[in-house]
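Comments concern the structure below.
Derivation of every value follows stated rules applied to the coordinates shown; laboratory data play no part. Source: prediction; values computed, not measured. Using ideal geometry, Cβ is built from the backbone for each residue, glycine included, and neighbour counts are taken over all protein chains shown.
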Amino acid sequence: MEQKRKATIVDVAKRAGVSVATVSRVVNANYPVKEETRKKVQEAIEALDYVPNVQARELNTQRSSTIGVVVPGLYNMFFAQVIDGIEDYVRQDDYSLLLNCAQNDPKQEMKCITALVARNVSGIIVISPNTAHIKESFYAQLVRRTPLVFINAYHYIPDVSYVGNDEALGTQEALHHLQGLGHERILFVRGEKSDSYQIKEDTFRVAMRGRGIDPDRYIINIGEGNSVETVDDTADRLMNVLPKTDATAVFCCNDLMGVGALNAANALGIRVPDDLSVMGFDNIALSRYVSPKLTTMDQNMFRLGSNAAQLLIERIETGQTKRVTLDNTLIARESTGMAPKKRD
């Protein structure tokens, strides 16, 4: 079957009996056109099923309408909700998104960003960048030509805009919640290759040492923290650890790990929260759907995304950089309770 030829702007101009320039003005809404003429052009567009050539328009305006977004992974709903916030905001300014996945790998992150720059995007938002594992010169040189916004990053680079939660303060609040329930010995579950996990671990170490407890005994690294295997990998690891530990609570760096901890406890016949309290971090939708419902820290994912999009567009249009910090909020649910006097 022969494929139907796509209508061009020339076809629309001929059908409407106007110039190509007039069609362009109607499509881009960048110049006044008589109402009668505008209607004729719109009727021709609908009759021919014409779709404007975005690349051609960008060549004329010398302005890309695409924003690049780099995420560590696609299996954690945290990133999906952040992207939702980004997309909701940029849609209002007629931008579209080009998404790349870095797979929690600093080298891949650099490749993703380089690919986006090659596509001439107007700017780039990097979610949870691996700044600690990437040479500062890479980003310092990049930001000279491409506006950048980091979400949840802790390594400062001049001329980059930042939006994030105070994850150190959020971790302190989470630990305070558990300690307020009588939990002194707390397992800390993290993944690898993430500035976010390291910030939480540093905060955990300070808190444990402040109570005279050796933190090294209670830190568990399950490997990849944002993959399809994260829940099962956490469960498998904790099924070996929980029977041997004197910890009465588990603090997880994200909710996927938190769900894995719940699964491990269930498989071992450990009652949550009667025998063991479990806490996550992020407040993704999944945390409300498991049983027991997961206590967690809300990271305001949608607001992280919308704020980042706003900062990027401001950077593109005005050259200004800003730093925005949102507060984490404790979401106390069913998975945390008073520390048991002893495990049954």
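Overview of results
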quantity	calculated
Dmax and Rg, reported as Rg then Dmax, of the chain (C-alpha, Å)	25.2, 86
Rounded tilt (10° steps) of 77-91 against the dominant C-alpha axis of the chain	30 degrees
Inverse of mean 1/r across different Cα pairs in region 167-298, Kirkwood, Å	14.3 Å
Per-residue Cβ neighbour rank within 10 angstrom, fewest leading, E184, E46, E224	E46, E184, E224
Pairwise FRET efficiency - T318 versus S96, Cβ, R0 = 22 Å, nearest 0.05	0.55
Convex hull of region 172-245 built on C-alpha atoms - directionally averaged projected area, nm²	5.2 nm²
Residue exposure sequence - I219, I127, I86 - by fewest surrounding Cβ within 10 Å	I219, I127, I86
Cut-off 9 Å between beta-carbons: net charge of the residues surrounding P215, Lys and Arg +1, Asp and Glu -1	0
C-alpha long axis of helix 35-48 to longest principal axis of the chain, angle in °	70 degrees
Cα-based convex hull, region 78-223, per residue volume (Å³, whole number)	128 Å³
Magnitude of the charge dipole, the chain, Cβ model with Lys/Arg +1 and Asp/Glu -1, debye to 20	800 debye
The chain: angle of helix 301-318 to the longest principal axis, Cα-based, in degrees nearest 10	40 degrees
Among 330-337, 88-95, 300-307, the order from most to least packed when residues are scored by Cβ within 10 Å on average	300-307, 330-337, 88-95
Entries in K193/K341; K135/K200; K107/K244; K111/K244; K107/K293; K193/K322 that, when Cα-Cα distance is taken, lie over 32 Å	K193/K341; K107/K244; K111/K244; K107/K293
